[in-house]
1. How far apart, in nanometres, would the label points at Val119 and Leu134 be if each is projected 7 angstrom from Cα along the Cα-to-Cβ direction?
2. Between Leu19 and Ile51, what is the label-to-label distance in nm when each label sits 7 Å out along the Cα-to-Cβ direction?
3. Based on DSSP H runs of at least 4 residues, each adding -39500 (n - 2.57), what is the mean residue ellipticity at 222 nm of the chain after dividing by all its residues, to the nearest 500 deg cm²/dmol?
4. Using the alpha-carbon centroid of each, what span in Å lies between region 85-158 and region 1-70?
5. So which trypsin sites (Lys or Arg not before Pro) in region 114-158 are both in a DSSP loop and have at most 14 other Cβ atoms within 10 Å of their Cβ?
6. Can you return the lysines within cross-link range of Lys56? Criterion is Cα-Cα under 21 Å, with same-chain partners fewer than 8 residues away left out.
7. Which ³J(HN,Hα) values, rounded to whole Hz and listed in residue order, are derived for region 80-87 from phi using the Karplus coefficients 6.51, -1.76 and 1.60 in 6.51 cos²θ - 1.76 cosθ + 1.60 with θ = phi - 60°, glycine and proline given as x?
8. What is the packing order of peptides 20-31, 71-82, taking the mean over residues of other C-beta atoms within 10 Å and listing the highest first?
Amino acid sequence: MSTPAQSGLYIVATPIGNLGDLSRRAEQILSIADIILAEDTRVTGKLLNHIGKKSKMMVYNDHKSAADRAFILDAIRCKIVALVSDAGTPLISDPGYKLVRDAQAAGLYVTTIPGPSAVIAALTLSGLPSDRFLFEGFLPSKTKARSESLAALKTLNA
C-alpha cells in the first residue's frame, strides 16, 4: 500500500486451502490491522504465521451480542479492523453481516479486499453456464426442509 490505510472495517478474503492464494492487498491489510476479527483464531493464526505477522485477534461470529458489536464499532472509528473468515470471503455463508450493517448505519468506513470465493471457484469448475447463477447458501439439515428447498429451486432459470 502506498499510503497508510484509514481507520475502518476491512472485509478481507482469505485463501481456500492454499495459503499462497492470499492477495498482496490482503496481506498488507492483515499486516497493519490493529485488530483482526476471526471466525476461529487458530485457523487465522496459521495464516498470520504464514505471512510472519502477529496481530491482536478477537473471535467474531453472528452470535455476538449488540454490546460486543458496539465495542467493535468503537474500535472501527479509530483503528484498522480486519474481518476474516476461516476460508474465502467473509459474509458469504460466514459471519459478519450484522457488523457490516451496523458499521454502515454508523457512517463508518467499510471496504472489502476481494479474493478467493468458494462459490465462484465451484461455478468456474462446474462446466455449467456461468452467465446467470444463484447462490442459495447452506441447505437445511432436516430432510423434509431440504427437499422443500430443492423443490422450490427447480423452477429457477439460473
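1. Here the modelled spin labels are 1.3 nm apart.
2. 1.2 nm
3. Numbers: 6 runs with 62 residues, N = 158.
Helix-only estimate at 222 nm: -11500 deg cm²/dmol.
4. 20 Å
5. Numbers: sites: Arg132, Lys142, Lys144, Arg146, Lys154; in loops: Arg132, Lys142, Lys154.
Those satisfying the criteria are Arg132, Lys142, Lys154.
6. Result set, ordered by chain and number: Lys46, Lys64, Lys79.
7. 8, 10, 9, 10, 10, 10, 5, 6
8. Details: 20-31: 16.4, 71-82: 18.2.
Those peptides, ordered most packed to least, come out 71-82, 20-31.
Rule-based calculations on the coordinates, nothing more; no lab input. Quantities reported herein were computed from a predicted structural model and do not represent experimental measurements. Reconstructed Cβ throughout: ideal geometry from the backbone, glycine too, with neighbour counts over all protein chains shown.
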